[in-house]
Amino acid sequence: AEKMDKILKVTGKGTIRLRPDTICAEITLQGTEKEYAAALAKAQKELEEVKGALAGAGFPEEEIKTSDFRTETKYEGYRDEKGDWKQNFIGYQYTHALKIRFAADNALLGAFISALAGCGAAPVFSFAYTVKNVSQAKEWLLSEAVKDCERKAAILARAAGVELKAIGSIEYSAGEKNFAVRPVQPMRLMAAEASARTNVEIEVTPDDIEVSDTVDVVWVIE
């Protein structure tokens, strides 16, 4: 029979704590119109209102990205005089989701919210804190997880009186890591009268972002 290699399998873990340096703001515009063309026109009008207001506050139009746009037919259920269930056509609902990133600064955030509140539309707004260089953080995490494997393998090998010959395999599942913290729930910003518009002052101190990753390394031992 063929001799099987002796192996030592170790799971390494890397953890990183990051101070958020970027705000990812999300804006959702939604409405319903009886006619499809009217729904598209209203969606375009609100988009222009949002972009214009933000550009006036110093947020470049080219930085505002569409993450989702869709239209759906909407119906309202009711029972007729016979008690039968019917559906009444309400109209075409548009949903336009936008995203923009800017530096994690409370003054910038206040200016952003103020511009949205005065844009004429009534967007749903939310934001999360994240880090600008996510790819660098992911690479560092993987490196730390592999180093952790090496440390653990060396300790176990010494304790068991065996020698690490070579790495037989490395197993890694690249799941999505959450490099963001969301301090508040989404809110609807109703359009304010021109005379009532004031700059919003906001004071938010986000938690550090803590992310972990793991990797399995199989060592051949003797």
Cα-based Rg and Dmax for the chain, where Dmax is the largest Cα-Cα distance (Å): 26.7, 88
Per residue accessible area of region 1-103, 1.4 Å probe, in Å²: 65
Rh (Kirkwood; distinct C-alpha pairs) - region 1-87, Å: 19.5
Rounded percent of accessible protein surface that carbon and sulfur make up, the chain, 1.4 Å probe: 49
Peptides ranked, highest mean first, by Cβ atoms within 10 Å: ranges 145-151, 31-37, 83-89, 156-162: 145-151, 31-37, 156-162, 83-89
Calculated FRET value between V220 and V181, using beta carbons and R₀ = 41 Å, to 0.05: 0.50
Environment charge of V215, counting only residues whose C-beta is closer than 15 Å and scoring Lys/Arg +1, Asp/Glu -1: 0
Residues whose placed amide H lies under 5 Å from that of K165, excluding near-sequence neighbours: V220, I221, E222
Pairs beyond 23 Å (Cα-Cα), from K9/K165; K13/K99; K45/K74; K51/K138; K9/K147; K65/K132: K13/K99; K51/K138
Values of log10 I(q)/I(0), in the order q = 0.11, 0.12, 0.16, 0.18 Å⁻¹, for region 120-195 under a Debye, Cα-only, solvent-free model: -0.57, -0.62, -0.82, -0.91
Cut-off under 5 Å, modelled amide H: who pairs with G91 long-range: K74
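The values are calculated or read from the model by the stated rules, or taken from the named source; none is laboratory data. Keep in mind that what you see is a predicted model, and the values were worked out from it rather than measured. Note that we place each Cβ from the backbone using ideal geometry, even for glycine, and neighbour counts take in every protein chain shown. Accessible surface areas use protein heavy atoms only, side chains included; no ligands, DNA or RNA. Shrake-Rupley method; radii C 1.70, N 1.55, O 1.52, S 1.80 Å.
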